[in-house]
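Quick notes on the structure that follows.
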Amino acid sequence: MSTDSTSADPGTVYLVGSGPGDPDLLTVKAKRLLEESDVVLHDKLPGPEIIDLLPEDRREDVGKRANGDRTPQSEINERLVELAREDKAVVRLKGGDSFVFGRGGEEAEYLATHDVPFEVVPAVTSAIAAPAVAGIPVTHRDHASSVSFVTGHEDPTKAESAVDWEALAATGGTIVVLMGVGRLPDYTKALLESGMASETPVALVERGTWPDQQVATGTLETIVDARDEVGIEPPAVTVIGDVAGIRASVVDFLQNDDGAIGADEEGRYNR
């Protein structure tokens, strides 16, 4: 290992966000740490192009396993401590920003409890980047002066949802839901029952910035059908609010877009 002060330090864990998936959107610091670290613990969300940058002998996949199981967070925490105590420079690589629904906070607490030094390396969060590359600003002076970020995949041990959809419906701002593809029918119904207009624009952006990016557009009333027509699957970001309608006015000139399927006025879906 280099002894230069800018190099990855042995015995330190770096909680690194990879951004939305395009390697060009890695921060300079994230890229340097990926090159200099002894080992990188990653899941699938950084995207294949970023993961392929890592030599196989320096990376450990701690995401979803072949049989559908996931590596328990407790095992990941223990592995981080174990590697750091072996005097390794360790990168914990997460998709987007690790402190935005990425369990980075949990890992930081665990490392601190076990006297392991760590550093946080922020990144471009997919909550903003995925809509942006689809031509959707999460705020806009004419449409939304606030934005709420919500998880669509809460801790299953919770007795009830901590998300107050009725309050969100009343804000008048943009709602961005991460990890919410499967529960889309549930929370669109909850928003409708809370008084949000059925014609409110909604967009789903799957794998934003990845080569196989897809976008589905519609309204609170039609977006579930649009999701199914396109075949949107995780990982995807849901954008609810008037800003989602801006896409239609810019998409013909948007260079980083692969097209979408949305409902026309008669409910038909066309790319």
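Quick check on the stretch 183-194. Is at least one of its residues closer than 22 Å to A129 by Cβ and in contact with a Ser or Thr (Cβ under 9 Å, 6 or more places away or on another chain)? Within the stretch 183-194, one or more residues are closer than 22 Å to A129 by Cβ and in contact with a Ser or Thr (Cβ under 9 Å, 6 or more places away or on another chain). Taking L93 as the residue in question, decide whether it is more than 19 Å from the chain's Cα centre (by Cα), open to solvent by less than 50 Å² (accessible area, probe 1.4 Å), of a type outside the set (D, E) and under 12 Å from L15 (Cβ atoms). When the stated conditions are applied, L93 does not pass them. Close contacts from the stretch 160-180, counting a first residue that is surrounded by fewer than 19 Cβ atoms within 10 Å (Cβ to Cβ) and a second that is aromatic (F, W, Y), with Cβ to Cβ under 7 Å and a gap of 6+ residues or different chains, come to M179/F101.
The set of residues in the stretch 158-210 that are polar (S, T, N, Q) and over 11 Å from T238 (Cβ atoms) comprises S161, T171, S194, S198, T200, T209.
I want to confirm something. Restricting to the stretch 23-46 and keeping residues that are in a strand (DSSP E or B) and among the β-branched types (V, I, T), which single residue is nearest to D97 (Cα to Cα)? Result: V40. Can you confirm whether G105 is free of Cβ contacts under 8 Å to residues at least 12 places away in the same chain and either crowded, with 17+ Cβ neighbours inside 10 Å or touching a Phe, Trp or Tyr at 6+ places or on another chain (Cβ under 9 Å) (or both)? Yes, satisfied.
The condition (being more than 18 Å from L178 (Cα to Cα), modelled with pLDDT under 95 and not in a loop (DSSP other than H, G, I, E, B)) is satisfied by just one residue among E49, E78, E82, E109: E49.
The residue that is most open to solvent (accessible area, probe 1.4 Å), among those in the stretch 112-131 that are under 23 Å from V181 (Cβ atoms) and touching a residue at least 60 places away in the same chain (Cβ under 8 Å), is V124. One residue alone among L54, L45 is buried (at least 21 other Cβ atoms within 10 Å of the Cβ), of a type in the set (A, V, I, L, M, F, W, C) and within 25 Å of E206 (Cα to Cα), and that residue is L45. Mind checking which residues of the stretch 19-35 are under 14 Å from I51 (Cα atoms), aliphatic (A, V, I, L, M) and open to solvent by 40 Å² or more (accessible area, probe 1.4 Å)? Hit for the stretch 19-35 is L25, nothing else.
The values are calculated or read from the model by the stated rules, or taken from the named source; none is laboratory data. Keep in mind that this is a model prediction, so the values were computed, not measured. Positions of Cβ are backbone-derived with ideal geometry, glycine not excepted, and every protein chain shown enters the neighbour counts. These accessible areas exclude ligands, DNA and RNA; they are computed on the full protein's heavy atoms, side chains included. Shrake-Rupley method; radii C 1.70, N 1.55, O 1.52, S 1.80 Å.
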